[in-house]
Amino acid sequence: MGAGHAHRLYRPGHSPVHALPPHCKLAATFGFVLVVVSTPREAVWAFGLYALLLAGVAAVARIPAGLLLRRLLIEIPFVAFAVLMPFVAEGERVEVLGMSLSVSGLWGAWNVLAKGTLGVAASVLLASTTELRALLLGLQRLRLPPLLVQIASFMIRYGDVIGDELRRMSVARRSRGFEASGIRHWGVLAKTAGALFIRSYERGERVYLAMVSRGYAGSMPVIDEAVATRGQWAYAAVLPVTALAVCLMGWTL
Amino acid sequence: MTATPALTPSLEVAGLAYAYPDGHQALYGVDLSVGRGERVALLGPNGAGKTTLVLHLNGILAGGVGSVAVAGLPVEKRNLAEIRRRVGIVFQDPDDQLFMPTVREDVAFGPAAAGMRGAELEERVGAALDQVGMADFADRPPHHLSFGQRRRVAVATVLAMRPEILVLDEPSSNLDPASRRELADILRSLDVTVLMVTHDLPYALELCPRSVILSEGVIAADGRTQDLLCDEKLMRAHRLELPFGFDPRSVSVA
């Protein structure tokens, strides 16, 4: 068993950011990201201000800078794409360190890099200060289709169960002397995946039976309703509203 | 149907026969009556139709011949919501039974589905978890509990609906001896009718004064658990075997 996936991203704490209702934080993060992507890329200083804003949030949430930076590493595959752009893009070129780079490619790379990093950082902050369970309640509150929320919540509940099942199957395979070592063994792995699918499907039926037995009639009862006061909304709005001010300055200056 | 409410049995099954859509006939006319507050063990070999019978009790399977009534209320389509509140089935694998992200929400699911909210719901959940001694685990995710704890929470999920009859499918399976005893203590402490499907004959003897044997789709025997377990001919005829070294005659049952 051990700790589930549910808890790896979350960093427990009692900061004001942790205490905000999940749907306020979701809305604030979404608003912030929208503002960031609609900022003109030429307003380089604006992105610096955004980064400062996020650093401020991290400080209030008492998320150490090291942790935040480490988690930003997830972005690397996208960065690799951005780094390629100055080399492959067309148009006017400049010489940097003896390499010929495209000017529009450089701007493109900067655009992807800056906006991507800020978006990822905002999401990392959200995930570190909000429990996965609370996020689902927030999404439910923000009127995301209930079916999607149900699917996500079953994913959290059964991720570990299915992971354990997969591990047991792998132990059973290896106990009979099988090591997957090359393309010839892909067939066996494919059959494992198929068996896992059938087992999960059958479990789904049994779970449904248990749900129906306890009165399930197509919709999940709302047990915990996330509620937010006007003050909490206002507090959460500080981030996207300040960002919006920066963005408007970016367009006008 | 002239009996007074106090004498209405918790469960009344009459002439129940059922064949699966693929033609396999599982039940051939089952008659069973369980009085209020009784604890009855349902014994029988694999494939005797025990699960099929259980799924008829809350109307998940239907469409055969015969009738089922729970505390006088017939199991019919228009009564299903009330029937499912009255019949609490605890399935064998607690991972199937516990499908919500936290223990508290799982226990709340049944009453909440029936429309209960707020303080009343909290109180109901707390009481059910207290009954199984799991009140301290309310905010844990089910997959972080031990198997025995999960089984107990599974019992709490149906207790929260204040059922007329508790139906347990193999309650002692996969439990270590200590968890097995703890569950027995809990079941004994409950003031509710219990129908327990089991292969664990000593457990049946410990908990249920009365047993019925379901074999080849009919009730083959119905009587005191100790009498049935001591009847070697009957036991052999229905593929029931006691664990090595266990002598039901040597146990004194209250």
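Bear in mind that the values in this text are calculations on the coordinates, not laboratory data. It should be emphasised that the depicted structure is a prediction, and the values quoted were computed from it without experimental measurement. Heads up, the Cβs are rebuilt from the backbone with ideal geometry, glycines too, and the neighbour counts pull from every protein chain shown.
About the centre of its Cα atoms, the protein assembly as shown shows a dipole size close to 940 debye [charges on the beta carbon of Lys, Arg (+1) and Asp, Glu (-1) only; nearest 20 debye].
Placing +1 on the Cβ of each Lys and Arg and -1 on the Cβ of each Asp and Glu in the protein assembly as shown, which of A:ALA80, A:ALA59, A:SER104 has its Cα farthest towards the positive end of the resulting dipole? So the residue we want is A:SER104. The dipole here belongs to the stretch B:166-254: it is taken about the Cα centre, uses +1 on the Cβ of Lys and Arg and -1 on the Cβ of Asp and Glu, and is about 200 debye. Going from the residue with the fewest nearby Cβ atoms within 10 Å to the one with the most, B:THR102, A:THR242 rank A:THR242, B:THR102. Grab the beta carbon distance between A:PHE87 and A:ALA55, set R0 = 30 Å, and tell me the FRET efficiency rounded to 0.05. Plugging the Cβ-Cβ distance into 1/(1 + (r/R0)^6) gives 0.40. Between A:PHE30 and A:ARG70, the modelled labels are 3.1 nm apart [label points 7 Å from Cα along Cα→Cβ]. Between the amide H of B:SER215 and those of B:ALA220, distances stay under 5 Å, these residues lying 5 or more places away or on another chain, with hydrogens modeled in the peptide plane. Compactness of chain A is given as radius of gyration and Dmax, 23.4, 72 Å, from Cα positions. Around the Cα centre of the stretch A:29-169, unit charges on the Cβ atoms of Lys, Arg, Asp and Glu (plus for the first two, minus for the last two) sum to a dipole of about 560 debye.
Counting Cβ atoms of other protein chains within 10 Å of each Cβ in A:220-227 and taking the mean gives 5. For the stretch A:101-203, the spread of Cα coordinates along the three principal axes comes to 57, 46, 23 Å, biggest extent given first.
Extent of the stretch B:111-254 along its three principal axes (Cα atoms, max minus min coordinate, largest first): 56, 29, 28 Å. For A:ARG93, the residues 5 or more places off, or on other chains, whose built amide H falls under 5 Å of its own are A:VAL103.
In chain B, once you exclude exposed chymotrypsin sites (Phe, Trp or Tyr not before Pro) (DSSP loop, at most 13 other Cβ within 10 angstrom), what's the longest stretch remaining? Longest run free of exposed loop sites: B:1-243. Based on C-alpha pairs under 8 angstrom that are at least 6 apart in sequence, chain A has a relative contact order of 36 percent. Each listed q (0.17, 0.26, 0.27 Å⁻¹) maps to a log10 I(q)/I(0) for the stretch A:29-71, found by the Debye formula over equal Cα scatterers with no solvent: -0.55, -0.98, -1.00.
Computed from the C-beta positions of B:ARG236 and A:TRP186, the FRET efficiency with R₀ = 60 Å rounds to 0.75. In the stretch A:145-213, one over the average inverse separation of all distinct C-alpha pairs is 13.9 Å, which is the Kirkwood hydrodynamic radius. Using the alpha-carbon atoms, what tilt in degrees (0 to 90, nearest 10) does helix A:22-37 show relative to the longest principal axis of chain A? Rounded to the nearest ten degrees, it is 40. Report summary: the helix-based calculation at 222 nm, which adds -39500 (n - 2.57) for every DSSP H run with n ≥ 4 and divides by the residues of the protein assembly as shown, gives -16500 deg cm²/dmol. Each other residue within a Cβ distance under 15 Å of B:LEU61 adds +1 if Lys or Arg and -1 if Asp or Glu, for a net charge of 0. The calculated FRET efficiency for A:ILE162 paired with A:GLU225, based on their beta-carbon distance and R0 = 22 Å, is about 0.15.
Here the scattering of the stretch B:9-241 is modelled by Debye summation over its C-alpha atoms, one equal scatterer each and no solvent; at q = 0.07, 0.17 Å⁻¹ the log10 of I(q)/I(0) is -0.22, -1.27. Taking only Cα atoms and a 10 Å spring cutoff, compute GNM fluctuations for chain A and point out the largest among A:VAL188, A:VAL57, A:VAL241. In this elastic network of chain A, the residue with the biggest mean-square fluctuation among A:VAL188, A:VAL57, A:VAL241 is A:VAL188.
In order along the stretch B:22-30, the Karplus-derived 3J(HN,Hα) couplings, from 6.51 cos²θ - 1.76 cosθ + 1.60 at θ = phi - 60°, round to 7, x, 6, 8, 9, 10, 10, x, 9 Hz, and Gly and Pro are given as x. Less than 5 angstrom separates the built amide H of B:LEU11 from those of B:VAL34, B:ALA71, all sequence-distant by 5 or more or on a different chain.
Here the spin labels are modelled as points 7 Å beyond Cα on the Cα-Cβ line, and at B:ALA127 and A:ARG143 they lie 3.7 nm apart. Looking at the protein assembly as shown, the DSSP beta bridges with both ends there are about 60 percent antiparallel.
Model label points for B:ASN174 and A:THR252, set 7 angstrom from Cα along the Cα-to-Cβ axis, are 6.4 nm apart. A Stokes-Einstein calculation at 20 °C with viscosity 1.002 mPa s, built on the Kirkwood radius of the stretch B:76-168 over Cα pairs, returns a diffusion coefficient of 164 µm²/s.
When A:LEU84, B:LEU201, A:LEU166, B:LEU214 are arranged by Cβ crowding within 10 Å, least crowded first, meaning fewest neighbours, the order is A:LEU84, A:LEU166, B:LEU201, B:LEU214.
When the alpha carbon coordinates of the stretch B:3-82 are projected onto the principal axes, the ranges are 41, 30, 19 Å, largest first. Multiplying each eigenvalue of the alpha-carbon gyration tensor of the protein assembly as shown by 5 and taking the square root yields semi-axes of 58, 27, 20 Å, largest first, rounded to whole angstroms.
Taking the C-alpha atoms only, the angle from helix A:44-61 to the longest principal axis of chain A is near 50 degrees.
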